[in-house]
Each structure stands twice: as C-alpha cells, then as structure tokens.
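J.: Sharing a structure below in structure tokens format, with a few things to ask.
The values are calculated or read from the model by the stated rules, or taken from the named source; none is laboratory data. In this text, all values refer to a predicted model and were calculated from it rather than measured experimentally. Glycine also receives a Cβ, built like all others from the backbone with ideal geometry; neighbour counts cover every protein chain displayed.
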Amino acid sequence: MNRREAVQKLTLLMGGVISAPLMAGVMGERLNFGPSVEVSAEQEALLAEIADVIIPTTKTPGAKAAGAEKFITRVMRDCYVQEEQQKFYAGVERLNNDSNDLYGKGFVALDAAQKNEIVKRSTTADKPFFLQMKGLTVTAYFTSEIGATQALDYLPIPGRFDGSYPMKEGQKTWAL
C-alpha cells in the first residue's frame, strides 16, 4: 500500500472528514475541467506565508519549506470549480487587506507576531476561509516528503503490525 492509498483508506475510516476535492487533490486527480482563476506570483507568496503561520518552522521545516503553496494552488485549480476558487482567493485577499488596514503593509511584509495576529483574527472574522486554508495547509504539509519524513516517523517498509507497541518518550507519531 502506498501513501496515497493509506490516506484514502484513513479518510474513509474517519467518515470522509477530508472534502472530496481535497481528497482528489491528494490522489493527484482532476475534477475541474472548466475555467480557473489565474494565480499570480504575489498570491502564491502570500499563500506560502499564511501556510507558514499555520505550520511554522520549529525543530522541523514548516509548510513554506514543504512547498504547501504549490499544492494549494494545484488543488484549487484542478479540484475546485471557478466559483469556489474565487471565494477562496477572495479570502486570501481579505486577509491581506486586513493586514493593510491594521498595520499599513501587506501580510508578507509583517513580522511573525503581526502575521499570527492577522491569522488569529481570520479564525473568527472569516472562519470558512480559515478552515479551508488550514485543511489545505495541513494536507499539503503531511503528504509532502518533508512532512512525512521529518515531522512524522516514516517507515518505508513497515514490519509486522503490533497494536500496542510502546512508544519512546518524545517519539513522533507514525506517517502513513
């Protein structure tokens, strides 16, 4: 079983918590064959910064280092209809506008504390956008090579299944 199959089966076990378009994106499938929103380099950089606030660099690389913005733009383009893409990118733009209104500069130019404050505000001010951005970021990160091998314990050829295997103190969770 490869990682994609494992994610798919885990999603089914979780009751379909991951949306159909996001699951299709993980599987590398395409659902949208119609027109798409063109994403500029500035918007992609903005997505990278927002994702990096959601999963920052700590002892392991963050979402920006994992290239989460590339995954997000691909999944939005390939798996969401244009209307949904427009709603999502409008949320990205609102977050950047909030940054300009509050601090007088764009989100990318803010320091870490200011970025955290703007993202924290979006959790209540624009909850649907934040939840979608968070879901895309987490999925992008943990299905990336960096997320699967550095943030999670990756075992390319697993041994036998032991349901009550003792974990060492401070040991990371296993990757799928």
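J.: Evaluate segment 168-175: report whether one residue or more is part of a loop (DSSP other than H, G, I, E, B), within 28 Å of Glu38 (Cβ to Cβ) and in contact with a Ser or Thr (Cβ under 9 Å, 6 or more places away or on another chain).
T.: No, because not a single residue in segment 168-175 is part of a loop (DSSP other than H, G, I, E, B), within 28 Å of Glu38 (Cβ to Cβ) and in contact with a Ser or Thr (Cβ under 9 Å, 6 or more places away or on another chain).
J.: When the residues of segment 102-127 are filtered to those that are surrounded by fewer than 17 Cβ atoms within 10 Å (Cβ to Cβ) and β-branched (Val, Ile, Thr), which remaining residue is farthest from Val53 (Cα to Cα)?
T.: Thr124
J.: Which residue pairs have Cβ atoms under 8 Å apart, sit 6 or more places apart or on different chains, and have a first residue in segment 38-63 that is under 22 Å from Val81 (Cβ atoms) and a second that is among the small types (Gly, Ala, Ser) and surrounded by 20 or more Cβ atoms within 10 Å (Cβ to Cβ)?
T.: If the second residue must be among the small types (Gly, Ala, Ser) and surrounded by 20 or more Cβ atoms within 10 Å (Cβ to Cβ), the pairs left are Leu47/Ala68.
J.: Would you check if Leu46 is surrounded by 17 or more Cβ atoms within 10 Å (Cβ to Cβ) and modelled with pLDDT of 90 or more?
T.: Judged against the criteria, Leu46 is a match.
J.: Within segment 93-132, work out how many residues are closer than 28 Å to Glu38 by Cβ, in a helix (DSSP H, G or I) and among the charged types (D, E, K, R).
T.: The qualifying residues number 7.
J.: Find the residue count for segment 143-171, including only residues that are over 18 Å from Thr60 (Cα atoms), at pLDDT below 75 and not charged (D, E, K, R).
T.: Selection size over segment 143-171: 7.
J.: Taking the conditions exactly as written (over 20 Å from Pro56 (Cβ atoms), in contact (Cβ under 8 Å) with a residue 60 or more places away in the chain and of a type in the set (A, V, I, L, M)), does Val119 satisfy them or not?
T.: The answer is no for Val119.
J.: Of the residues in segment 61-92, how many are part of a loop (DSSP other than H, G, I, E, B), of a type outside the set (Gly, Ala, Ser) and surrounded by 17 or more Cβ atoms within 10 Å (Cβ to Cβ)?
T.: The total comes to 3.
J.: Restricting segment 132-142 to residues that are of a type in the set (Val, Ile, Thr) and crowded, with 19+ Cβ neighbours inside 10 Å, which is nearest to Pro61 (Cα to Cα)?
T.: Out of the qualifying residues, it is Thr137.
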